[in-house]
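Everything below concerns the one structure shown next.
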Amino acid sequence: MKIVAVCGMGIGTSVLLKMNAEKVLRTLGVDAEVEAADIGVARGMSRDAQIVLTSEELAPEIGDVPAEVIIIDNFFDLEEITTKLKAALPE
């Protein structure tokens with residue numbers, strides 16, 4: 001499974017979101033590749049990803065991609081990330 005964590009510049013908050021998503025996935029026992037990206041690169045990367053994690057502001061900019069776009073309100077909130085990822089993961 002491929003997950004893309006997206007922020008405006010692809011440097012700070014997307015890396016934080018990537019690390020927190022990896023923590024959550026380890027806890028859930030899910031094997032996934034998580035990549036950080038800026039909004040420009042994310043459009044292309046999202047074409048072969050299953051999930052995109054981003055903010056509400058950037059979600060519309062990702063466009064029409066086959067990946068499920070999940071809006072994360074607080075990139076620091078492991079509970080929110082856990083809840084939203086669990087709902088999106090296949091059974």
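In region 71-89, the residues that are under 19 Å from residue 33 (Cα atoms) and in a helix (DSSP H, G or I) reach residues that are open to solvent by 60 Å² or more (accessible area, probe 1.4 Å) and charged (D, E, K, R) with C-beta atoms within less than 8 angstrom, at least six apart or across chains, in these pairs: 78/23; 88/68. The strands (runs of 3 or more DSSP E) falling completely within region 1-60 that include 1 or more residues that are among the small types (Gly, Ala, Ser) and modelled with pLDDT of 85 or more map to 2-7, 33-38. The requirement of being closer than 11 Å to residue 4 by Cβ, open to solvent by 30 Å² or more (accessible area, probe 1.4 Å) and of a type outside the set (Phe, Trp, Tyr) is fulfilled nowhere in region 81-88; no residue meets it.
When restricted to residues that are surrounded by fewer than 16 Cβ atoms within 10 Å (Cβ to Cβ) and in contact (Cβ under 8 Å) with a residue 12 or more places away in the chain, region 1-14 contains 4.
Mind checking which residues of region 38-56 are within 15 Å of residue 17 (Cα to Cα) and open to solvent by 50 Å² or more (accessible area, probe 1.4 Å)? Of everything in region 38-56, just one residue is within 15 Å of residue 17 (Cα to Cα) and open to solvent by 50 Å² or more (accessible area, probe 1.4 Å), namely 56.
The values are calculated or read from the model by the stated rules, or taken from the named source; none is laboratory data. Because the structure is a prediction, the values reported are computed rather than measured. Methodologically, a virtual Cβ is constructed for each residue, glycine included, from the backbone with ideal geometry; neighbour enumeration extends over all protein chains shown. These accessible areas exclude ligands, DNA and RNA; they are computed on the full protein's heavy atoms, side chains included. Shrake-Rupley method; radii C 1.70, N 1.55, O 1.52, S 1.80 Å.
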